[in-house]
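The values are calculated or read from the model by the stated rules, or taken from the named source; none is laboratory data. Quick caveat, the model's predicted, so the values are computed rather than measured. Here the Cβ is made from the backbone with ideal geometry for all residues, glycine too, and neighbour counts use every protein chain on show.
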């Protein structure tokens with residue numbers, strides 16, 4: 001039995017409801033943020049809440065929750081839900097803010113606060129258990145026909161559910177290989193990001209990634225950049241044409257949920273024989289050391305869970 005926080009109350013997941021005229025449904029007006037735990041400790045929670053509040057402010061939502069209150073609600077919700085799983089299970093936290101009921105539908109509501117706020121908290125064992133093979137054997141990236149949305153059209157720093165270009169990219173790539181992940185290019189055929197994660201490339205002990213104003217500036221991306229610098233690896237942000245991909249020796253992707261997964265292949269360019277390159281491995285090891293949680297081993301263990309095994 002798990003709970004969600006919804007508009008002032010902790011309610012059972014199966015009882016949580018929003019009106020059909022909520023702006024998220026009517027016009028897709030929604031900001032979200034995703035966080036997680038390592039060893040039941042929230043990872044970069046301050047940064048995630050800051051980014052949530054940034055998006056809410058940029059879209060001019062009438063949102064009245066302060067950062068301290070959101071942090072407290074998050075911890076309260078986690079404490080309610082964490083007892084429902086084994087203590088070794090990690091948790092994902094999703095924040096959702098919408099602009100509430102559209103003005104012309106307000107006659108259906110007695111709510112004076114014109115926004116919807118939900119916090120979801122659920123176990124990560126299913127999602128990460130299903131990714132066991134990617135952690136162990138690396139992931140394969142294929143270039144989608146769908147292009148990334150230029151930052152002059154949509155600021156990548158605002159996280160919203162309305163990222164249909166990622167969905168289209170995934171569908172296009174899965175027609176070629178159901179197990180591959182989608183890599184998006186910009187209009188000049190330069191690498192941007194993978195649908196749902198940031199991409200890093202390695203050459204001559206330097207780490208390369210797309211400029212931060214061209215991609216979602218991931219919180220884990222920024223953390224990994226700090227790790228690279230602490231290990232003495234130069235980090236270079238630059239636009240990289242897809243035609244130059246074979247000039248690089250290693251690749252890996254990062255996101256809040258997955259941490260780091262190494263890339264074994266992009267299109268026909270193969271980087272490794274089913275193991276991370278030396279630079280990538282050192283970065284992974286440092287990440288695991290810092291968060292005191294071996295997320296690779298966790299994924300393998302989650303895959304052995306009978307409930308997870310049913311869906312793999």
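The figures follow:
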read-out: Residue in region 64-72 that is crowded, with 20+ Cβ neighbours inside 10 Å, in a loop (DSSP other than H, G, I, E, B), in contact (Cβ under 8 Å) with a residue 24 or more places away in the chain and outside the structural domain of residue 224 (by TED's automatic domain parsing) present; value: no
read-out: Qualifying positions in region 284-311 - over 17 Å from residue 132 (Cα atoms) and in contact (Cβ under 8 Å) with a residue 60 or more places away in the chain; value: 287, 290, 291, 292
read-out: Conditions (1) buried (at least 16 other Cβ atoms within 10 Å of the Cβ); (2) in contact with a helix residue (DSSP H, G or I) (Cβ under 7 Å, 6 or more places away or on another chain); (3) at pLDDT 95 or above; number of the one not met by residue 100; value: (3)
read-out: Exclusive hit being surrounded by 21 or more Cβ atoms within 10 Å (Cβ to Cβ) and in the same structural domain as residue 179 (by TED's automatic domain parsing), set 270, 263; value: 263
read-out: Scope region 198-254; condition on the phi > 0 side of the Ramachandran plot and in contact (Cβ under 8 Å) with a residue 60 or more places away in the chain; matching residues; value: 205
read-out: Count of region 268-303 residues which are in contact with a strand residue (DSSP E or B) (Cβ under 6 Å, 6 or more places away or on another chain) and assigned to a loop (DSSP other than H, G, I, E, B); value: 5
read-out: Residues of region 16-61 classified as closer than 17 Å to residue 6 by Cα and in a strand (DSSP E or B), total; value: 6
read-out: First in region 19-32 and not assigned by TED's automatic domain parsing to the domain that holds residue 48 and surrounded by fewer than 21 Cβ atoms within 10 Å (Cβ to Cβ), second anywhere and at pLDDT below 90 and not in a loop (DSSP other than H, G, I, E, B), Cβ under 7 Å, 6 or more apart; value: none
read-out: Count of residues meeting criterion [in contact with a strand residue (DSSP E or B) (Cβ under 9 Å, 6 or more places away or on another chain) and either surrounded by fewer than 19 Cβ atoms within 10 Å (Cβ to Cβ) or assigned to a loop (DSSP other than H, G, I, E, B) (or both)] in region 186-207; value: 9
read-out: Any chance residue 185 is at pLDDT 95 or above, in contact with a helix residue (DSSP H, G or I) (Cβ under 9 Å, 6 or more places away or on another chain) and not assigned by TED's automatic domain parsing to the domain that holds residue 49; value: yes
read-out: Scope region 135-153; condition more than 20 Å from residue 211 (Cα to Cα) and not in a strand (DSSP E or B); matching residues; value: 135, 136, 137, 138
read-out: Residue in region 85-103 that is part of a strand (DSSP E or B), more than 30 Å from residue 301 (Cβ to Cβ) and over 20 Å from the mean Cα position of the chain (by Cα) present; value: yes
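For every residue, the table says whether it meets (1) outside any loop (DSSP other than H, G, I, E, B); (2) crowded, with 19+ Cβ neighbours inside 10 Å.
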position	(1), (2)
217	no, no
224	yes, yes
229	yes, no
232	no, no
244	yes, no
251	yes, yes
254	yes, yes
